[in-house]
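A short worksheet on the structure shown next.
The values are calculated or read from the model by the stated rules, or taken from the named source; none is laboratory data. Everything numeric here is computed off the predicted structure, so don't read it as measured data. Here the Cβ positions follow ideal geometry from the backbone for every residue, glycine too, while neighbour counts run over all protein chains shown.
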Amino acid sequence: MNILIQKIGKIRPWIVVAVVVGMFGSMAANAQVPPRFYWKTLQGMNAVPVIAMSASGNTNPLDPSNNFDPSASLSADIAIAGYAKMFPVWNKAAMLAVLVPMGRIEGDILAGGPLSRLSRESSSGFGDPMVEFNMNLIGPAPIMNLPDMLRYEPGFSMDLVVDVAFPLGQYDNTQSLNLGQNRWYGRIGAPIVWQLGPWIPDRRMTLEIFPSVWFFGDNDDFVGQNLASDPTFELETHLTRNFTSRFWGSFDATYTSSGDATIASTTTSGSDMTLVGFTLGYQLNDSMQLTIGYKSTLDNDAASNDLQLSTFMISLTTGWHRLLEGADRLSGGE
């Protein structure tokens, strides 16, 4: 028992890291899912984050359809809160998360009419809450106890992810820039985690690939008109590496191909966007982790007609599990 507790103490920073490493960045659709989000951990684990995000560009960071105006200039300050629970389903690792964004977005938008001009718009309050369900399809059996945790290696694993956003966020039908989207939307994806090399605490390395497709209902009151968006395809990649047992980093890249958007009878062709950036994570203590990340489109020329976005995110995530609390009590009693 003493040996087991000592081993748990050595790997515990990773146990909590693997819970929801900055996971709630996925709520800000254009910020993308952070690295190591789909690593597996103890079933029954709980996690709560506090996240702040600052974004700028010509597309709404809370709208995954990337409905945008090339002449727009937007900025957003967003906070995201949520809760995640790990549990087994049919002897497969699964997770259910609830995510709620809030904050402010503002910018200059090209108003229509014969004398088109830039118009200042802003929105503040809550965005659309989102529910995510994730279930492992290929990979190790769910981790049910501490000895299983010690033996865990991801190898090659693939999950099924389903996200659904509820149209409950702040929405003003007199303007095009809003925190809420006034329509249902969601995503289906298949995140892949591929272990590279030995699973040693200070040298863990993974290649992570996440193809997904976003689907959108219609917004029947978009400045008095109907907005319909075709599906958007995304491909996210992360190359992650531990520098020490508590400190890790990742190189991140995302390709997005948004579908056509139709407002009333006018259709605008979709656009492509490629973002690159990095994420750094540090385990502050046994139950709390700090992460920071930055991403930006490759072409940030304001004179171009391409999608442009830059995001900076900082998150503080805490996790807990009754088995770990029990191990703490045993360790403290010796």
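Which count do you get for residues in the stretch 147-190 that are in contact with a helix residue (DSSP H, G or I) (Cβ under 7 Å, 6 or more places away or on another chain) and either assigned to a strand (DSSP E or B) or crowded, with 21+ Cβ neighbours inside 10 Å (or both)?
Total satisfying the criteria: 1.
For the stretch 231-250, which residues satisfy the criterion of being without any contact (Cβ under 8 Å) to a residue 60 or more places away in the chain and either under 21 Å from residue 308 (Cβ atoms) or buried (at least 23 other Cβ atoms within 10 Å of the Cβ) (or both)?
233, 235, 237
In the list 217, 189, 224, which residue meets the criterion of being out of contact with any strand residue (DSSP E or B) (no Cβ under 9 Å at 6 or more places or on another chain) and of a type outside the set (A, V, I, L, M, F, W, C)?
Just one listed residue meets the conditions, 224.
I'm told residue 292 meets every condition in (1) among the hydrophobic types (A, V, I, L, M, F, W, C); (2) over 24 Å from residue 206 (Cα atoms); (3) at pLDDT 90 or above except one. Can you identify the failing condition by its number?
Only one criterion is unmet by residue 292, namely (2).
Name the residues in the stretch 41-71 that are within 15 Å of the chain's Cα centre (by Cα), at pLDDT 85 or above and not acidic (Asp, Glu), would you?
Once the filter is applied, which keeps residues that are within 15 Å of the chain's Cα centre (by Cα), at pLDDT 85 or above and not acidic (Asp, Glu), the stretch 41-71 yields 47, 48, 51, 52, 53, 54, 55, 61, 62, 64.
If the requirement is being exposed (fewer than 15 other Cβ atoms within 10 Å of the Cβ) and either in contact (Cβ under 8 Å) with a residue 40 or more places away in the chain or of a type in the set (D, E, K, R) (or both), which of these qualifies: 84, 52?
Details: 84 fails: exposed (fewer than 15 other Cβ atoms within 10 Å of the Cβ).
Result of the check over 84, 52: 52.
Please list, ordered by residue number, the strands (runs of 3 or more DSSP E) wholly in the stretch 231-313 having 2 or more residues that are under 15 Å from the mean Cα position of the chain (by Cα) and over 24 Å from residue 77 (Cα atoms).
232-242
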